[in-house]
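The values are calculated or read from the model by the stated rules, or taken from the named source; none is laboratory data. No experiment lies behind these values; they were computed from the predicted model shown. Positions of Cβ are generated from backbone atoms using ideal geometry, with glycine treated the same way; all protein chains shown enter the neighbour counts. SASA here: full protein model, heavy atoms, side chains in, ligands and nucleic acids out. Shrake-Rupley method; radii C 1.70, N 1.55, O 1.52, S 1.80 Å.
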Amino acid sequence: MPEKRAKTSKKKAAVKPKVSSASKRAAGTKAKKAPEKAIEFPKGFIWGTSVCSHQAEGHNTHSDWWTWEKLGKIDDGSVSGPAADMLNRYPEDFKLMEKLGYNAFRLSVEWARIEPRQGEYSEEALLHYENVLKEMRKRKLKVCLTLYHWVLPQWVSALGGWTNPKSVEWFGGFSRKVVERLYDYVDIWVTLNEPTAPAFAGYLAGVFPPEKKDLFLTARVFRNLLKAHVVSHDAIRDAASARGLERPPVGIAMAIAYFEPKDPSNPFDKKLHEFFRFAHNEAFLDAIHNGRVPVPFGVNDEIPGLKGSHTFVGVNYYTRFRIDLTNVLKGLPKNLEDMLYLPEGSELTEMGYEVYPPGFYNVLSEMSKYGVPMYITENGVSDGTDVQRPGHILRHLKQVHRAIGDGMDIRGYFHWSYVDNFEWKHGYSKRFGLVALEPGTLNRLPRKSAYLYGEIAKSGKISGSMVKKYAPEYESEIFD
Ligand code: GCO
């Protein structure tokens, strides 16, 4: 002990002379340094990262995406293949997360792995996920588990996927099996990830499997996904009550963009943006809030058990969308992105998304209307060079902090993504990871953002020195 004390005082003595007289003058006293600028997050705030297992585990061989990828549907010609090999490397990954200072992780279970053939549950797959979650516990990582993240077993898609009314019952069976087995290891449940994506991209724009362009089917899928949410929610609630417990945190992770009209003085633009905002951000959550399916996805009809079937809203925020009417009139675009107004000079990511941190605050404020707590279930940037990411993290967390300061109930933040992974239609050309993969070996190479995020997670704050070290150009924006 005395030795230690001596060391500390030596260190202090060594540091003292380094305080410049200019900074002493700035501090207004002789020896005291000015307190460092910092924005602090609430105690107990969750600092996690996020993946979807199909994108990161690899070899999800009984899934509809696996089949579809092999048809050459991915822009860069790739297939998910081994992905980031989290299937085998998860112990190493959780060790790294612990070392970096993260305290949570969001992942999904793969239905195709667990129920590769109808009614046949794979003990090997269930045991795998049990081991994964146990390993997370060992590394003191809170578990946020998603039950459905866009990928279906091949047998489900062969029977019509979410257009088949029976899909709800099948998903219910799968959910009960997973919940029974894993309930005790999970802290936060996400029933569905961005359910509007498979509905709109798969059945309206036709860019995801099964590549349909049919408004009627889109509405049917939308309704069946609402029902699928209910059955999985009920499985979780029942598991809690069987243990004499309250319902745990359970909700949906929704893609929430900030929508603005291109020209606020143009009534058409205004109406258009309101419609898109409703369909993209609100329709699904409104349904859960009211228990009724809104027009045009239903006729305001009630779904039993839907009302209030969540305890939080999961917000996935990436960008602002300003819909440009002239682009819409050019013909049915493939993606929402093709309809956007992005004037010269807009700050963009590799995905072509506009970087717009204030939109994050705005959507959190919009989502507050549901009156339940929020988790940020995704937020991040594709940036293989890691030039943009440090500033992106700081600027977006600044907006989360602002929202908390204004009284919004936000419990945690999961950065997308922990590691580079299979980015759906874009294959491996987009790199969202805090951690990069060494080509060929798949070894983990933390980018500098991984350390920045770790410093924030460990200390629960963004300090002046972190900003100086990682993205000094944003100092005034962070500490305005
Ligand atoms: C999404 C998906 C993720 C994506 C991420 C980056 O919610 O869109 O959950 O799987 O990979 O959003 O585009």
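Per residue, the chain reaches -12500 deg cm²/dmol at 222 nm when only DSSP H runs of four or more residues are counted, each adding -39500 (n - 2.57). Shown in residue order for region 103-108 are the 3J(HN,Hα) couplings computed by the Karplus curve 6.51 cos²θ - 1.76 cosθ + 1.60 at θ = phi - 60°: 10, 7, 8, 10, 9, 10 Hz (x for Gly and Pro).
Here region 348-424 has 48 percent of its accessible surface on carbon and sulfur atoms, given a 1.4 Å probe and all protein chains in place. Distance between the pseudo-spin-label points of Glu120 and Ala34 (7 Å out from Cα toward the beta carbon): 6.9 nm.
When region 75-190 is described by a simple charge dipole with +1 on each Lys and Arg Cβ and -1 on each Asp and Glu Cβ, the residue from Ala84, Ile188, Tyr121 located farthest towards its positive end is Ile188.
The mean sequence separation of alpha-carbon pairs under 8 Å and at least six residues apart, normalised by the residue count of region 379-480, gives a relative contact order of 29 percent. Within region 412-449, name every residue whose backbone N is under 13 Å away from a label modeled 7 Å from Cα of Lys330 along the Cβ vector. The answer is none, because no backbone nitrogen lies closer than 13 Å to the label point.
Region 412-470 and region 33-103 have Cα centres separated by 9 Å.
So, counting K/R as plus one and D/E as minus one, what does the shell of residues with Cβ under 10 Å around Arg447 add up to? Don't skip to the answer; put the middle values down first.
Values: positive: Arg389, Arg431, Lys448; negative: Asp383, Asp386, Asp420.
Residues close to Arg447 contribute a combined charge of 0.
The DSSP beta bridges internal to the chain are antiparallel in roughly 25% of cases.
What does a probe at Asp184 reach in region 132-161, counting residues whose amide N is under 19 Å from the point 7 Å along Cα→Cβ? Flagged as within label range: 132-145. Sparse packing (at most 15 other Cβ atoms within 10 Å of the Cβ) combined with a DSSP loop state is found for the following GluC sites (Glu not before Pro) in region 139-245: Glu211.
Segment Ser459..Lys43, full-extension length gain: 148.8 nm, with 0.36 nm per residue of separation and the alpha-carbon distance subtracted.
Whole number in Å², please: accessible area per residue of the chain, 1.4 Å probe, ligands, DNA and RNA not counted. Each step should come with its number before you reach the end.
Numbers: 20860 Å² over 480 residues.
For the chain, the per-residue accessible area is 43 Å².
Any of Lys142/Lys458; Lys73/Lys330; Lys43/Lys142; Lys166/Lys227; Lys37/Lys398 with alpha carbons more than 18 Å apart? Name them for me.
Lys73/Lys330
Summing Cβ point charges (Lys, Arg +1; Asp, Glu -1) relative to the Cα centre of the chain gives a dipole of roughly 2820 debye.
Taking every full run of DSSP H in the chain, the ones that stretch at least 18 Å from end to end by Cα along their long axis and average -1.0 or higher on the Kyte-Doolittle scale are 86-100, 123-138, 166-182, 215-242, 389-405.
The trypsin sites (Lys or Arg not before Pro) of region 326-405 meeting both criteria, a DSSP state outside H, G, I, E and B (loop) and at most 16 other C-beta atoms within 10 angstrom of the site's C-beta, are Lys330, Lys334. Could you list the trypsin sites (Lys or Arg not before Pro) in region 42-122 that lie in coil according to DSSP, counting only those with at most 14 other Cβ atoms within 10 Å of their Cβ? Answer in residue order: Lys43, Lys70. Computed over the chain, the convex hull of the alpha-carbon atoms projects to a mean area of 26.8 nm².
Quote the FRET efficiency, to the nearest 0.05, computed for Lys369 versus Leu159 with a Förster distance R0 of 45 Å and r equal to the Cβ-Cβ distance.
Details: r = 37 Å, r/R0 = 0.83.
That gives a FRET efficiency of 0.75.
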